[in-house]
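**Student:** Dumping the structure here so I can ask a few things about it.
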Amino acid sequence: MQCELCGALIQGPPKTIQIEGAELCVCVRCAKHGTEVQQPRRRGVQQKAPGFAVPQARRKPRDVFDLMEGEIVEDYADRIRIAREEKEWSTLDLAQAIKEREVLIKKIEKGDLIPEDDVRRKLERALNIRLIDSAEDTTSTGGPGRVTMTVGDVISFKKSRK
């Protein structure tokens, strides 16, 4: 389990603290930055009736980065319009195919609206296109003499300038 404040792996039991109204699961070192919140004694067991205990299913901890698939491509509107025209569909035909409103399709094709994940997936399936620019699709063009910056490089650069 990772500390939600510093990101380090938590050794031993985690502490739950409150900082400005938000409850965080942190390591012992970061616990001093907030007010510790008391946890119920019998965690993981729910009382159904007196004398009967029902164990709760343990959920896998989720990270925000698990939900991210990649970034939507910059020319998503053109890709959608071109793929629709290749199939000789009108905006109404496409809207009916993915069970969305025609106004939504028109706004997406004009570039006024970025499609949400569920609509994006429907468009990708219906038009047989990719709208996500994932990390595995892009290959680094950096050669032996080429240096690419990372966030860590920027942070350490700013720290060294002080």
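**Student:** Could you tell me whether Glu69 is of a type in the set (Asp, Glu) and modelled with pLDDT of 80 or more?
**Tutor:** Numbers: of a type in the set (Asp, Glu): yes; modelled with pLDDT of 80 or more: no.
So Glu69 fails the test.
Yes or no, residue by residue, for (1) at pLDDT 85 or above; (2) open to solvent by less than 90 Å² (accessible area, probe 1.4 Å); (3) farther than 24 Å from Glu116 by Cβ; (4) assigned to a loop (DSSP other than H, G, I, E, B):
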site	(1), (2), (3), (4)
Ile17	yes, yes, yes, no
Lys32	yes, no, yes, no
Gln38	no, no, yes, yes
Gln46	no, no, yes, no
Ala53	no, yes, yes, no
Arg62	no, no, no, yes
Phe65	no, no, no, no
Glu74	yes, no, no, yes
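**Student:** Cβ-Cβ below 6 Å, separation at least six or inter-chain, first residue in segment 77-97 and over 14 Å from Glu124 (Cα atoms), second open to solvent by less than 30 Å² (accessible area, probe 1.4 Å) and assigned to a helix (DSSP H, G or I): which pairs?
**Tutor:** Filtered contacts from segment 77-97: Thr91/Ile105.
The values are calculated or read from the model by the stated rules, or taken from the named source; none is laboratory data. Remember, it's a predicted structure, so these values are computed and weren't measured experimentally. With ideal geometry, Cβ positions are generated from the backbone for all residues, glycine too; neighbour counts draw on all protein chains shown. To get the accessible areas, we keep the full protein, side chains included, count just its heavy atoms, and leave off ligands, DNA and RNA. Shrake-Rupley method; radii C 1.70, N 1.55, O 1.52, S 1.80 Å.
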